[in-house]
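Reviewing the structure listed below.
The values are calculated or read from the model by the stated rules, or taken from the named source; none is laboratory data. Keep in mind it's a predicted model, so treat the numbers as computed, not measured. So basically every Cβ, Gly included, is an ideal-geometry build from the backbone, and we count neighbours across all protein chains shown.
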Amino acid sequence: MNSDQLGHLNQKMQSQSQRQISAQAAPLGSMEPQPRPPLSADIGALLEEARTLLKTLGCTQLADRLEIRWNSRMRSTAGTAFAGRALITLNPRLLEFGTAEVTRTLLHELAHLLAHHRAGRHRIAAHGVEWQQACAELGLPGEKRCHDLPLPRRKLERRHVYRCPHCKLEVPRVKPLRRKSACLACCRAHAGGSYDERFRLVKLQAK
């Protein structure tokens with residue numbers, strides 16, 4: 001996707017949603033709480049554009065499964081991608097920063113789905129080379145891992161600690177793992193990137 005296509009995407013989405021978000025949009029220098037937009041705002045246009053992009057890149061199957069939703073429970077997170085469900089959730093407060101930020105966050109999360117779709121059963125790093133390549137194809141070359149929007153943040157304690165039995169890498173987490181997970185580095189080095197029970201993470205303690 002080139003710069004002209006990305007500009008067309010922004011312009012089309014903005015024309016469809018300007019009347020809905022003009023009351024909520026605020027300049028970056030003034031971040032006082034704003035009324036939340038309707039949770040149905042722009043979802044149809046966002047989904048249509050995202051599916052079109054995926055089909056352009058030859059990922060018709062993923063495009064057909066794709067879902068996009070607003071999630072009013074989000075606080076510091078701008079968006080999330082769930083590869084197994086082909087689902088993207090977006091923080092409604094993005095509308096306070098303008099349609100361009102909604103578009104950027106959507107493409108950021110869409111790149112996660114695209115990277116995982118292409119990887120298939122192989123494990124990949126969340127913001128690794130596969131994701132970076134997907135970002136570039138979607139018109140976001142050099143995209144950062146995390147946003148720098150002034151959204152409210154809270155510090156969460158990572159009480160659950162897991163260790164790889166092979167390389168001894170420790171992985172602290174806020175929430176416990178709900179399924180079997182293995183050390184990515186060891187799986188890549190010794191199992192061709194596929195899950196290997198030898199490197200399954202072992203829980204050490206809950207602080």
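Observations on the structure shown:
So that you can scan it fast, the table gives a plain yes or no per residue for (1) assigned to a loop (DSSP other than H, G, I, E, B); (2) closer than 15 Å to residue 50 by Cα; (3) within 14 Å of the chain's Cα centre (by Cα):
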position: 88; (1), (2), (3): no, yes, yes
position: 94; (1), (2), (3): no, no, yes
position: 100; (1), (2), (3): no, yes, no
position: 103; (1), (2), (3): no, yes, yes
position: 108; (1), (2), (3): no, yes, yes
position: 117; (1), (2), (3): no, yes, yes
position: 127; (1), (2), (3): yes, no, yes
position: 142; (1), (2), (3): yes, no, no
position: 151; (1), (2), (3): yes, no, no
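- If only residues of segment 63-82 that are at pLDDT 95 or above and aliphatic (A, V, I, L, M) are counted, the one that is nearest to the chain's Cα centre (by Cα) is 81.
- Restricting 134, 191 to those that are surrounded by 15 or more Cβ atoms within 10 Å (Cβ to Cβ), more than 30 Å from residue 92 (Cα to Cα) and small (Gly, Ala, Ser) reduces the list to 191.
- Residue check, residue 63 among the aliphatic types (A, V, I, L, M) and not in a loop (DSSP other than H, G, I, E, B): yes
- Residue list for segment 66-86, restricted to those being not in a strand (DSSP E or B) and not charged (D, E, K, R): 66, 71, 72, 74, 76, 77, 78, 83, 84, 86
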